[in-house]
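Participant: Take a look at this one; I'll ask things after.
The values are calculated or read from the model by the stated rules, or taken from the named source; none is laboratory data. For clarity, every value in this text was computed on a predicted model and none was experimentally measured. Cβ sites come from the backbone with ideal geometry, for glycine too, and all protein chains shown count toward neighbours.
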Amino acid sequence: MTLSTFRYEFRRRYGVKFKNCILFRNGELYNLDTEESIRFKNLDAALDYEIEGKTIRKFIDEMSMEDLKLTLDGGRGASGELGQSTFKFQDAASSNGGNDKRDLNSRANTQIKEKSVAAALKIFRKMHLDPEREHAFSVDENGYVHNYVHGDAHSVAIMGGRGEMIFHNHPSGGTFSKSDMLSTSLSAEKGIVASCVSGDHIFVKTHKFRANEFVKAVNRAKMQGLNYDDAVGKWLTANQKKYGYHYEFKKAD
């Protein structure tokens, strides 16, 4: 990827992940493992910084648009680690194998008669509460599907436009994974839906969204609950105002 292309993409999102580090738009570089931050004046000042022996400039040179897609991992299932009372955000056991397949947007759009986000989500649920693999739509505010992708058993990667919602399913059920939260936090998209048989987990960023702080909070969160879903739901509900987002779980009809 050329540096000019990266600059454009960097300006339109909250941050970009390089290995175990996230470079936020304001020049903060946050290490997910050590939870330490380094601050740069701007992107140019960060280009020669090395992560695991490679400069950020080199990472950018080797990037493609595929690397900037939202990578969404499947949920853990409603039971989680039953018997424990404290949980951290976690991902599915396996990650995406790069086998995503694009589909024709028209296959979805022709079925959405009432053009709205709610109607598009209803059609997504009808088409893709799949127990075998993940699927995803990117949907604008008028309910029009701009991207339609089929993933694998545990994840799917998709790129939407600024302000679009991303719908995806969790074959094993369950709420958002850590990857779901981090990818959505950094992206230009408006929010994310994780659909399962029991209903829809919905996360929407507001104009007050605090990406840097939310990413750090997700990374270090220790959540209390009866199981993983319960703990994540309580944590996301309690922290909406603090970090500038809306969260809800809508039970299936």
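Participant: Output yes when any residue across segment 137-145 is surrounded by 18 or more Cβ atoms within 10 Å (Cβ to Cβ) and in contact with a Lys or Arg (Cβ under 6 Å, 6 or more places away or on another chain), and no when none is.
Facilitator: For segment 137-145, residues surrounded by 18 or more Cβ atoms within 10 Å (Cβ to Cβ) and in contact with a Lys or Arg (Cβ under 6 Å, 6 or more places away or on another chain): present.
Participant: For A217, indicate whether it is at pLDDT 95 or above and aliphatic (A, V, I, L, M).
Facilitator: Criteria met by A217.
Participant: Can you name every residue in segment 146-157 that is modelled with pLDDT of 95 or more and either surrounded by 23 or more Cβ atoms within 10 Å (Cβ to Cβ) or not assigned by TED's automatic domain parsing to the domain that holds T237 (or both)?
Facilitator: Selection gives Y148 alone.
Participant: For segment 209-231, check the following and say yes or no: at least one residue is within 22 Å of R162 (Cα to Cα), in the same structural domain as P171 (by TED's automatic domain parsing) and either free of Cβ contacts under 8 Å to residues at least 24 places away in the same chain or not in a helix (DSSP H, G or I) (or both).
Facilitator: Yes, that holds for at least one residue.
Participant: Let me ask something else about it. Being small (G, A, S) and surrounded by fewer than 17 Cβ atoms within 10 Å (Cβ to Cβ) is the filter; apply it to segment 231-252 and report the residue that is modelled with the lowest pLDDT.
Facilitator: Applying the filter and picking the extreme gives A252.
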